[in-house]
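The structure appears right after this line, and notes come after that.
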Amino acid sequence: MIVAGNFKANMTRKSTAAYLEKLEQYITEKETTPQVMIFPPATALDSLKGKILVGAQNAYPAQNGAFTGETALEQLEEFGIDTILIGHSERRHVLGESQEAIAQKYAFYKEQGFTIVYCIGEPLEIREEGNDVLMAYLDAQLVGIDLSYEKLVIAYEPVWAIGTGLTPSNSDIELLHTALRHKIEKPLLYGGSVKVNNAAEIMALDNVDGVLVGGASLDVDGFFSMVEDAQKCDS
Ligand code: PGA
């Protein structure tokens, strides 16, 4: 199991450091087995040697250069960061990243050997059009993406479930993940309003290999409780 936390534009360098220290301590003391990943904001990235995999929420596909406002490979390398989130719905829909730009980013960070958590997910109007339209929409988000890459993790996150408190039914999550499993032989995370009170049941579903948690990851005790839920699925 994989339990990943996406802080988005929340937390500071100071609060992230305190969070990671506490989480690392929990994981070490309880000897938990799930892989834990945390994606703090870029200003909070740091060199860490523990069990938590700390990754970038985004980065520009270049070593360095004239890309105002962006973080590039050189800035990640300074902290030994080799994990990245690509294709998150907020980057696609709020920041306007095209599939072409996302695929370029993917190819670049794959070439660098990064662990990539690649996000896909549909808006509500697509889901309402039925399964064929939904699967075609997700397929379009996989264009240009090498699904055989060994360090790839997929996160399925319906856009309408992110930050809304809404989730698909458990059987819908299971159906969708099972359909994805036929195409993609990589760990499949579910994301979108995963909370302390639904994480265990979601992780128990077939073909769900973990969760990507936004809002509910900001509370370290709650996040650790989800790691413990994942641990039960591992054993
Ligand atoms: P949420 O966000 O858990 O706050 O819905 C999930 C995500 O965007 O990864």
Size of electric dipole in segment 2-234: Cβ of Lys, Arg +1 and of Asp, Glu -1, about Cα centre, debye, nearest 20: 420 debye
In the Gaussian network model of the chain, springs joining C-alpha atoms below 10 Å, which of K183, K22, K195 carries the largest mean-square fluctuation? K183
Which Rg and Dmax, in Å, describe the Cα atoms of segment 191-235? 9.5, 27
Of all accessible heavy-atom area on the chain, the percent that carbon and sulfur account for (1.4 Å): 51 percent
Express in nm, to one decimal, how much length is gained between V133 and V94 on full extension, taking 0.36 nm for each residue of separation and deducting their alpha carbon distance. 11.8 nm
Rounded accessible area per residue of the chain, 1.4 Å, Å²: 45 Å²
If I histogram all Cα-Cα distances within the chain using bins 10 Å wide from 0, what percent of pairs lands in each bin? 8, 35, 38, 18, 2
Mean Cα-pair separation over length for the chain, i.e. relative contact order, pairs under 8 Å, 6 or more apart, %: 21 percent
For segment 97-155 and segment 25-52, compute the distance between their C-alpha centroids and round to whole Å. 25 Å
Accessible area, 1.4 Å probe, largest first: how do D206, D234 sort? D206, D234
Cross-link list K8/K30; K30/K232; K110/K186; K195/K232: which exceed 18 angstrom alpha carbon to alpha carbon? K8/K30
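The values are calculated or read from the model by the stated rules, or taken from the named source; none is laboratory data. None of the values given here were measured: they were computed from a predicted structure. Using ideal geometry, Cβ is built from the backbone for each residue, glycine included, and neighbour counts are taken over all protein chains shown. Each accessible area value is taken on the protein alone, full model and side chains, heavy atoms only, with ligands, DNA and RNA left out. Shrake-Rupley method; radii C 1.70, N 1.55, O 1.52, S 1.80 Å.
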